[in-house]
């Protein structure tokens, strides 16, 4: 009898823990329709550099490799192609660390970073450009799905 009670308590605790994790993204439906993540138009303020950000596939899939594309304006590609571009991907509502990757420049005038969201919900990609000892960072929010 005690064993059955303990097992019931254990299953209930596991269920409540999983419910709390998965509900963190659904309690804020407006976050998935954020204007920055929909349009992907951002500006690196310190450099006055407009960029276009998108993820492929869209929406990004958990536990799969997704590509974060950081597209430069055509008239700026030569100036920025040697920049060091790093991306830190994190899930702000959870405390399970972050992933840092380096974006590679492609001849198409964009930097591409390969990212793997580990769970469903709201994520943030902090994109940092570094050139000539100066840096600028911008955040790109996105929602990962199963």
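No value in this document is a laboratory result; all are computed from the given coordinates. The structure presented is a predicted model; accordingly, all values stated were derived computationally and were not measured. With ideal geometry, Cβ positions are generated from the backbone for all residues, glycine too; neighbour counts draw on all protein chains shown.
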Quiz item: Between residue 67 and residue 54, 0.36 nm times their residue separation minus their Cα-Cα distance comes to what?
Solution: 3.8 nm
Self-check item: Relative contact order of the stretch 28-144, defined on C-alpha pairs under 8 angstrom at six or more residues apart (%)
Solution: 28
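With 10 angstrom as the radius, rank 129, 111, 47 by how many other C-beta atoms surround their C-beta, starting from the fewest.
47, 129, 111
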Quiz item: Label residue 137 and residue 45 with points 7 Å out from Cα along Cα→Cβ: what is the distance between them in nm?
Solution: 1.3
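For residue 94 and residue 130, compute 0.36 nm times the residue count separating them, minus their Cα-Cα distance, and round to one decimal in nm. Let's see the in-between values first.
On the way: separation 36, 0.36 × 36 = 12.96 nm, distance 2.78 nm.
Extra length from residue 94 to residue 130 when fully extended: 10.2 nm.
To the nearest whole percent, what portion of all C-alpha pairs in the stretch 28-144 is separated by more than 19 angstrom?
Details: 2862 of 6786 pairs.
The proportion of pairs with Cα distances above 19 Å equals 42 percent.
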